[in-house]
Amino acid sequence: MLSAISGKNRPCPVGSSVTGCVNTLGAGPEPTHAQAQQQLPMGGLYNSRFKLYCTTKQATEVPVDADEAVEAIQREMTVFARRARASAGRMHPELSLVSYTLLGHLEESGGCRATDLAAHYALDKSTVSRQVAALERARLVERRLDPDDHRVQVLHLTEPGRRILAQVTDSRRAAFRERLAGWAEDDLERFADYLVRYNSWTPQQDDG
């Protein structure tokens, strides 16, 4: 799809049915998101590749260079991971992003073995062992005998662990809501669907 903008045909964002665009390729400073939104109906999206603000109504496939798209995804997810690690440290200096993730899984699962954590997150067992040891020293997790097999020790959250997890989770949720406050509902749902699809992939899906 091409949209006529300032007398020129320029590509618009993938997944967009364009109802209006603001061209930022011309002379002058690039408008802020707020400035662009004043000129467009609700639900505008900014396409950094083409420097266009466009409104979206219905999803329409637009061909793009797949290699460029994958490169952009890789780059932006690297930025996301770096920011996530930094924000985790600010929310609780003694709780790394990995530690927070492990605590979250222990809460969701109701307790599990260290080997289960390693398998679930595709982490090296030694890495998980170091993280678990640190969480035990901080008294955020504890080991209990498996009632069905006393040879097995199961990791569980302690009460302090539950409190810290809840505190950090609330802080992270608030940060995400603030960051996504200007997104249209359709965009949020589509973004969530893409993330779930991406994180649901396993290497076995390419076999046979």
**Report entry** Residue identified as in contact (Cβ under 8 Å) with a residue 24 or more places away in the chain, closer than 20 Å to L97 by Cβ, part of a helix (DSSP H, G or I) and in contact with a Phe, Trp or Tyr (Cβ under 9 Å, 6 or more places away or on another chain) among L135, L165
**Finding:** L165
Report task. Please indicate, with yes or no, whether at least one residue in the stretch 88-102 is under 17 Å from S129 (Cβ atoms), hydrophobic (A, V, I, L, M, F, W, C) and out of contact with any Asp or Glu (no Cβ under 9 Å at 6 or more places or on another chain). Result -> yes
Requested in this report: Please verify whether the stretch 194-207 includes one or more residues that are touching a residue at least 12 places away in the same chain (Cβ under 8 Å) and surrounded by 10 or more Cβ atoms within 10 Å (Cβ to Cβ).
Outcome: no
Report task. Tell me, yes or no, whether the stretch 50-68 has at least one residue that is at pLDDT below 75 and within 21 Å of the chain's Cα centre (by Cα). Result -> no
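The values are calculated or read from the model by the stated rules, or taken from the named source; none is laboratory data. Just so it is clear, the model here is predicted, and its values are computed rather than measured. Neighbour counts are summed over all protein chains in view; Cβ atoms, including those assigned to glycine, are modelled from backbone coordinates with ideal geometry.
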